[in-house]
Each structure stands twice: as structure tokens, then as C-alpha cells.
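Read-outs throughout are calculated quantities, based only on the coordinates presented, and are distinct from any laboratory measurement. All of these numbers come straight from a predicted model, not from anything done at the bench. When we count neighbours, we look across all protein chains shown, and the Cβ atoms used for this are built from the backbone with ideal geometry, even at glycine.
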Amino acid sequence: MSFIEVTESDIDVLYKKLKADCDEHGYFLNPDNDFVRSLIQGLIKNERRYGYQACPCRLASGKKGEDLDIICPCTYRDQDVEEFNACYCALYVNAAISAGKQKTGPVPERRPTRSERGNLKTMHTVSTTSSLVFPLPVWRCTVCGYLCARPSPPGICPICKVTKDRFERFI
């Protein structure tokens, strides 16, 4: 495997982009700047290696279709931050960790195994009665109409910033 060079300038550019996205959408980056920069370096390397920013803490297949759930921000980020105060790689954290009032802890891997992921894909098919089968409930923000499919509503709506109590089960 060839060496993939990542410059400090490359890291600065992506850091500013991630920080602006967090500020705009109510997320927080880990306050440990050196740690965040090392994760960003991994994201850049994965983007150059695979063509997409796979989570640097997970083993990517190199096939985008198989790795869609671990492209940063990964599918599991919101649930991990809500339940464990940080995402799996700890790039994204809750407000208390961001403010230095709390420390990160271990976050168990939420990603299903490869065979389990294959089984989930078959659940998205139309049944013989023509009703859709979803593996997760769909939640709707009652303020802006944002929809998301996950076990529980997000802590904060990424569109209008209301809290999870403003969501209702849609499907």
C-alpha cells in the first residue's frame, strides 16, 4: 500500500468545514484538538484511498455501497452521542464533553456484522400485500417536517433545532 500524505493545511481545511457544520447543526467536536486532528487525518486518508470519508476507527471495505453507514458522519453518530455522550470514534461529543464538564468513555460498536447488514437490506422490500416493511420507525419533526428513520427521535432536529419531544412517530 502506498503512503498517503496529508498536510496540516489539508487537516485545517476539513477541520474548519466540520466545525462550521457542527455550529450550524447543533453538534460538537471533541475538545481534544490533537485527537480531532488525528481523526481528521484518518478521514482524509480514507477519502483519498476509497473516494469517501469512511470512519477512521472502523475497517472499510473499499466499496462505497457496503460502507454507506460508516461514512462520516456515520449512521450511528446521533444514537451514540445520545446514549454514550460521544460517537464511536469520539469525533462528535455531547455539549457537556465539549465544555469540559464530562469525559468520554467507551462506546460499543453499534454497526451490525456484514451478514446482519445483508439481512437488513432484504427488509426494505415490498411484501405481497404491497405494504412497506421498515426495520426502524420513522420520526417526524412537528415543527419543520424533517423525517428520519431510527430507533428513537434525534435529540435535536438538525433542521430547526427543536428538542426530541417535538417529534412524533410518523410510520
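What to note about this one:
- Using 0.36 nm per residue and subtracting the Cα-Cα separation, the extra length available between PHE3 and ILE159 on full extension is 52.2 nm.
- The modelled label-to-label distance for the pair GLN79/VAL143, using points 7 Å beyond Cα in the direction of Cβ, is 2.5 nm.
- Spread of Cα-to-Cα distances over 5 Å intervals beginning at zero, given as percent, for the chain: 1, 8, 14, 18, 19, 17, 12, 7, 3, 1, 0, 0
- Farthest positive-ward along the chain dipole, Cα basis, beta-carbon charges - from CYS55, VAL133, THR163: VAL133
- With neighbours defined as other Cβ atoms within 10 Å of a residue's Cβ, the residues ASP78, ASP23 order from fewest to most as ASP23, ASP78.
- Amide H contacts of GLN53 (H built 1.01 Å from N, under 5 Å, at least 5 apart or other chain): CYS72
- Computed E for VAL133/ARG111 - FRET, C-beta separation, R0 30 angstrom, nearest 0.05: 0.90
- When the C-alpha to C-alpha distance is required to be over 19 Å, the pairs from LYS19/LYS63; LYS16/LYS45; LYS19/LYS161 that qualify are LYS19/LYS63.
- Residue exposure sequence - PHE167, PHE3 - by fewest surrounding Cβ within 10 Å: PHE3, PHE167
- Per-pair calculated FRET efficiency, R0 = 30 Å: ARG169 and ASP69 via Cβ, rounded to 0.05: 0.85
- Taken over the range 39-88, the convex hull of the Cα atoms encloses 62 Å³ per residue.
- Neighbour-count order for PHE35, PHE84, fewest beta carbons within 10 angstrom listed first: PHE35, PHE84
- Calculated [θ] (222 nm, deg cm²/dmol) that DSSP helices of n ≥ 4 give over the chain, each run adding -39,500 (n - 2.57): -10500 deg cm²/dmol
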